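Read through the structure below, which is laid out as structure tokens, and then see the notes.
The values are calculated or read from the model by the stated rules, or taken from the named source; none is laboratory data. Note that this is a predicted model, so its numbers are computed, not measured. When we count neighbours, we look across all protein chains shown, and the Cβ atoms used for this are built from the backbone with ideal geometry, even at glycine.
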Amino acid sequence: MNCAESEILLHALIDGELDAGHSRDVEAHVAVCSACAGKLEAFRAMRAAMAKADLKQPAPARLRSRIEASLPSPSTRVAAPRKFFQLSRRMFFGGFAAGTALSAAIAASLVVTVFRNDHEQTIAGEVVSAHIRSLQPGHLMDVETSDQHTVKPWFDGKLDVAPPVIDLTAQGFTLLGGRLDYIDGEPAAAIVYRHDKHIINLFVARRLGAAHADARTETIQGYNVRYWSEQGLDFWAVSDVEADALDRFGQSIAAALGPRPAS
């Protein structure tokens with residue numbers, strides 16, 4: 001790990017957002033790099049100072065007085081009609097049950113949405129970290145060849161899926177090779193392409209969190225990430241190439257896989 005990679009992950013280390021492997025890598029680098037160790041100490045000091053600072057601003061007393069003055073006095077409150085409270089037990093518990101069911105359904109949908117978003121963000125961070133690691137000398141490829149018929153069978157027996165390896169030379173994306181990587185603790189195929197001077201890592205596996213038929217593109221830690229799901233596989237493309245070029249790359253992959261089955 002070099003200083004540029006370490007600096008990206010320092011804040012995540014302090015916030016406890018790194019997995020054990022990445023934490024170990026950052027801590028090992030900080031142990032031998034005085035510059036990064038100084039930055040880490042400065043970040044921790046700033047965090048501690050902000051935690052100790054009294055940043056709460058109490059509401060002024062006149063605000064309480066204004067709120068109390070706006071409330072009606074007990075003598076002016078209008079009594080509710082007696083018949084309002086004359087509800088049958090069946091009506092009360094029926095309405096309560098319906099309201100509870102509706103609240104539970106809404107809460108469940110929110111939990112599922114938050115969980116999916118959190119999981120996607122976790123996977124996005126993992127693939128970006130894997131992309132950064134791959135750029136270190138000797139980490140980019142396990143099999144180095146532009147022959148798709150050599151790269152594809154290399155993954156046999158290493159994964160529970162057969163990742164598509166597509167020659168996109170005519171579209172301006174040169175196949176360089178592939179490697180076995182790990183995303184969120186699960187093995188994934190990493191198929192490596194080059195566009196101009198930019199490296200593109202295409203991660204392919206099942207259950208990588210890209211549960212979207214329509215592709216999405218985001219920018220994470222300065223890298224563009226495009227992810228989508230197709231034919232039972234999740235695809236994550238990561239590069240520092242321009243977003244429109246990464247979109248063209250993803251579209252070329254999707255086009256080569258063929259039309260999607262009609263729903």
*Within the stretch 15-66, count every residue that is under 21 Å from Val128 (Cα atoms) and part of a loop (DSSP other than H, G, I, E, B).*
5
*Among residues belonging to the stretch 220-263 that are of a type in the set (Val, Ile, Thr) and touching a helix residue (DSSP H, G or I) at 6+ places or on another chain (Cβ under 7 Å), point out the one that is modelled with the lowest pLDDT.*
Ile220
*Which condition breaks for Met1 when tested against (1) assigned to a helix (DSSP H, G or I); (2) modelled with pLDDT under 80; (3) under 30 Å from Tyr182 (Cβ atoms); (4) of a type in the set (A, V, I, L, M)?*
(1)
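Please state which one of Leu18, Leu9, Leu13 is of a type outside the set (Asp, Glu), at pLDDT below 75, within 15 Å of Gly125 (Cα to Cα) and surrounded by 14 or more Cβ atoms within 10 Å (Cβ to Cβ).
Working: Leu9 fails: at pLDDT below 75; Leu13 fails: at pLDDT below 75.
Testing whether each residue is of a type outside the set (Asp, Glu), at pLDDT below 75, within 15 Å of Gly125 (Cα to Cα) and surrounded by 14 or more Cβ atoms within 10 Å (Cβ to Cβ) leaves just Leu18.
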*asked:* For the list (1) in contact with a strand residue (DSSP E or B) (Cβ under 7 Å, 6 or more places away or on another chain); (2) without any contact (Cβ under 8 Å) to a residue 12 or more places away in the chain, I need the number of the one condition that Pro259 fails.
replied: (1)
*Note down all Cβ pairs under 8 Å where the first residue falls in the stretch 1-15 and is hydroxyl-bearing (Ser, Thr, Tyr), the second is buried (at least 16 other Cβ atoms within 10 Å of the Cβ), and they're at least six residues apart or on different chains.*
Ser6/Val26; Ser6/His29; Ser6/Val30; Ser6/Cys33; Ser6/Cys36
*Tell me which of these Arg62 doesn't satisfy, since it passes every other one: (1) at pLDDT 75 or above; (2) under 25 Å from Leu18 (Cα atoms).*
(2)
*Taking the stretch 165-186 as the region of interest, how many residues are of a type in the set (Asp, Glu) and assigned to a strand (DSSP E or B)?*
2
*Within the stretch 135-154, track down each residue that is assigned to a helix (DSSP H, G or I), more than 17 Å from Thr174 (Cα to Cα) and in contact with a strand residue (DSSP E or B) (Cβ under 9 Å, 6 or more places away or on another chain).*
Trp154
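Which of the residues that make up the stretch 220-244 are assigned to a loop (DSSP other than H, G, I, E, B) and more than 13 Å from the chain's Cα centre (by Cα)? Don't jump to the end; show me each part of the working.
Initially, the stretch 220-244 is screened for residues assigned to a loop (DSSP other than H, G, I, E, B), giving 221-222, 231-232, 240-242.
Listed by number, the residues that qualify are Gly222, Gln231, Gly232, Asp240, Val241, Glu242.
Results for (1) crowded, with 17+ Cβ neighbours inside 10 Å; (2) free of Cβ contacts under 8 Å to residues at least 24 places away in the same chain; (3) assigned to a strand (DSSP E or B); (4) not polar (S, T, N, Q), shown as yes or no for each residue.
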| site | (1), (2), (3), (4) |
| --- | --- |
| Asp156 | no, yes, no, yes |
| Ala162 | no, yes, no, yes |
| Ala188 | yes, no, yes, yes |
| Val192 | yes, no, yes, yes |
| Ile200 | yes, no, yes, yes |
| Arg207 | no, no, no, yes |
| Glu218 | no, no, yes, yes |
*How many residues are of a type in the set (Gly, Ala, Ser) and within 19 Å of Gln121 (Cα to Cα) if we restrict to the stretch 230-258?*
3
*Within the stretch 164-186, can you find the residues that are in contact (Cβ under 8 Å) with a residue 40 or more places away in the chain and among the β-branched types (Val, Ile, Thr)?*
Ile166, Ile183
